[in-house]
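Here the structure comes first, spelled out in C-alpha cells, and everything after it is commentary.
Just so you know, all these numbers are worked out from the coordinates, no wet-lab data involved. Quantities reported herein were computed from a predicted structural model and do not represent experimental measurements. Don't worry about glycine lacking a Cβ; one is built from the backbone with ideal geometry, like all the others, and counts go over all protein chains shown.
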C-alpha cells in the first residue's frame, strides 16, 4: 500500500489517461492538441504494443473514425498501411443447402460507397488497417506533439489527491494528480472494478479466429461478411493482395482451428474461403477472441470516466469495437474541452454527465443491433434463413435503406462530435 | 438567488469546526447535478461559456486562463457555482451573498477544490461603501436584479464598482408574457425546477430598464443575448431570443 505523502508526484494537470490502447491514445492526443494538460500512463512501453505478435487484429475504421485520426495527426503516418473499403457485400452463407464456395450467393446486400460519395476519390465506406499500424501512427503523432507519456508504469490504484484532484498511484511509488482520470484500460478494466462499477453482459459461447491471409487475385476493396450457421465469417481487404479474416465458430471448433497443424488448417481455410480470389494461404499467426457483449452500468464515476472497451466491449461482428472507442474518445474530448472552456471542474459529475448521456444511446443501439444480428444469422433454422434471405434482398432494393445502413456503419448518424466531423477542438 | 436579510456589516464568516460537516454536506448538495440545484447545473455551462467568450474577446485574451490577474466580483454568488469557474479561468474572485449559509457553503467547497476566493457575507452596496468605486475589472450580476427592492439604484451602484475599461455582465429574466409562461409557470409549477414563488412577475426587469440604469453610469450596454432551452438535448444554449432568460454585457470606457 502506498501513502499519498510518500508519493513522488510526477504530473499534476487536467486529465490522466490510463491505458495506451487505440482509444486512450486517440483521446489523449485530442485533449493535448486542444491545449489541455494531459498525460498518458501505460504498463507497457508504447513501442512493444506495436509488435506484430501483440495484436494481430485488423479493424474497420469508419470514415468518421478516419477523420478523427486525421484531426489528431495520426492518419498522415498510415500511408500505404490502409485499404479503402469501396463495397461491402453481406451474404447469407447458406442460401442453398450447403456452403457455396467461390463467392457470394444469391441473397446478398450490396453497399457501394459511390452512393454516398460519387467521386472517384470520394470518401470510402471505411478503411481497413491492422491495429498495430494505427497504434504506431498514433504513437508517432504523440511523439511529434510532445505529449507526456509515462510507460512502462503500472497503475496501483486511484485515490484522493490534492484539493480538487484525484491521485493515480503507480506501483513504482510515483503518483499523478489530475482533475479527471479516464480509464481506457480495456475490457477487464481494473479502475472500473476498483470504483465498484458493475458490468452486465453475456458470452456467446463463440470465438472469433483472427488471421491475415494472402490471396492470388486483387480484392478490389470489397469487404465480405458471410453469415454462417456457426457465426459470421468476414473477409476484410488489406493493402495488396491480402485480407483479414474474422472466422467465428463455436468455442470448441475455434480452439481446434487455432491449434490445428498448418496442412489441416490450409484445408479448412480453402473449404471456407472458396477460390473466388484464386489461391489463398495464411499470412500471420492465428489468434482467437471470445465473442461477448459487456456493458458497464454507468460510464462515469467519482472523478472517473470509462472509455472504449472499459465502458463496453462488443463482439467484433460488425467491426465496430474500435469505432465505438473512437466515438467515446471524440465525445469525451468535446465534453472535457467545453467544461475546461467554462472553467468547470473536469471531474465533477455535472461536467461528465453530458458524456454519459451522449454515449449511452449509441451503445444501446449498437449493442442491441449486433446482438440481434448475431442471433439472427448464427441460426440455421430454415424459416429464419428464408426470412433473412428476403430481408437482405429487400434492403438491397431500397436505396434509402442502403444509404442509411452505410451512414450508420460509417458512424455518421446521431449527434456527431466535432472531431468526427473532422473539426478541431481548442480552448 | 438569495433573498435572506442582509447583515448589518460586510464580513467573512468564520466556520466553527463542528459546522464544517454540515456546510460540506450542503456544498455536496449544491454541486450534485441530480439535486434540487439540477436546473442551475444545466443552465451554468451556457452562461459560463458566454461570460468567458465575451470577456476574452473584450480583453483580447485566450488560452486556459483568459481571466488571469483580473479582479472579478460575483454578486449573489450562492454556493459559488460561478465564482469557482471564474477562479479556474484565472480571475481573482471576490464574491458576496446576503445569505450567510450560502457564503459558508461556498467557503467550504472552494477549500475542498483548492481554490482561493474572497467570499464575503453582505450586499454589493456594503462592498461599495467599504472599498469604494472602480475596484473590479469585471462585475457579474447574475440572477440577482429580479430579487432586489430597487433594481435601478442597485444596478447603478454595481456599475460604479467597474473599473474604466472593465465590463459588467447582467443575467436575469425578461418581463414578457412568454417569460411568465416558461420561467415562472413552467419552471416553478410544471417542471418543478424552482421552488414556487422564486420569481414574481412584476419584479422582473426588462433589458431596456437595465440599459437605462447602466447608461446613466457611463456604461455602454450591448444587445442582450438569450439563454434558451433545447428539450431534445436537455441543455441550454446562447440564442438570439432574449424574450425569457437573457445576458447582457456592458463595457465602461477606458
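When A:174, B:203 are sorted by how many other C-beta atoms sit within 10 angstrom of their C-beta, beginning with the fewest, the order is B:203, A:174. Between B:161, B:86, B:26, the GNM of chain B built on Cα springs shorter than 10 angstrom shows B:26 fluctuating the most. Distance between the pseudo-spin-label points of residue B:178 and residue A:283 (7 Å out from Cα toward the beta carbon): 6.2 nm.
Using the rule -39500 (n - 2.57) for each DSSP H run of four or more residues, divided by the residues of the protein assembly as shown, the 222 nm mean residue ellipticity is -10500 deg cm²/dmol.
Given the options B:141, B:44, B:230, state which has the largest fluctuation in a GNM of chain B using a 10 Å cut-off (strictly under) for Cα springs. Among B:141, B:44, B:230, the largest GNM mean-square fluctuation belongs to B:230. Between B:115, B:67, B:155, where does the largest GNM mean-square fluctuation fall for chain B, given springs only between Cα atoms within less than 10 Å? In this elastic network of chain B, the residue with the biggest mean-square fluctuation among B:115, B:67, B:155 is B:115.
Peptide A:335-343 has a mean shielding of 6, counted as Cβ atoms of other protein chains within 10 Å of each residue's Cβ. Model label points for residue B:188 and residue B:230, set 7 angstrom from Cα along the Cα-to-Cβ axis, are 2.9 nm apart.
One Cα centroid belongs to segment A:252-319, the other to segment A:185-219; the line between them spans 7 Å. Taking a ≥ b ≥ c as the square roots of the eigenvalues of the Cα gyration tensor of segment B:101-223, is the shape rounded (a/c under 1.5), prolate (a/b larger than b/c) or oblate? Verdict is oblate for segment B:101-223.
In terms of surrounding Cβ atoms within a 10 Å radius of their Cβ, A:351, B:239 rank from fewest to most as B:239, A:351. Its relative contact order, with pairs defined as Cα atoms under 8 Å and 6+ residues apart, puts chain B at 19 percent.
By the beta-carbon count within 10 Å of each Cβ, the least crowded to most crowded order of A:226, A:204, B:119, fewest first, is A:204, B:119, A:226.
For segment A:338-357 and segment B:99-117, compute the distance between their C-alpha centroids and round to whole Å. Taking the Cα centre of segment B:99-117 as reference, the centre of segment A:338-357 is 20 Å away. Extending 7 Å from Cα along the Cβ direction at residue B:222 and again at residue B:254 yields two label points whose distance is 1.6 nm. Would you give the gap between the C-alpha center of segment B:120-142 and the C-alpha center of segment B:194-225, rounded to a whole Å? Measuring centre to centre over Cα atoms gives 18 Å. Our summary gives segment B:140-188 a relative contact order of 46 percent, counting only alpha carbon pairs under 8 angstrom and 6 or more residues apart. Segment residue A:172..residue A:79, full-extension length gain: 29.7 nm, with 0.36 nm per residue of separation and the alpha-carbon distance subtracted.
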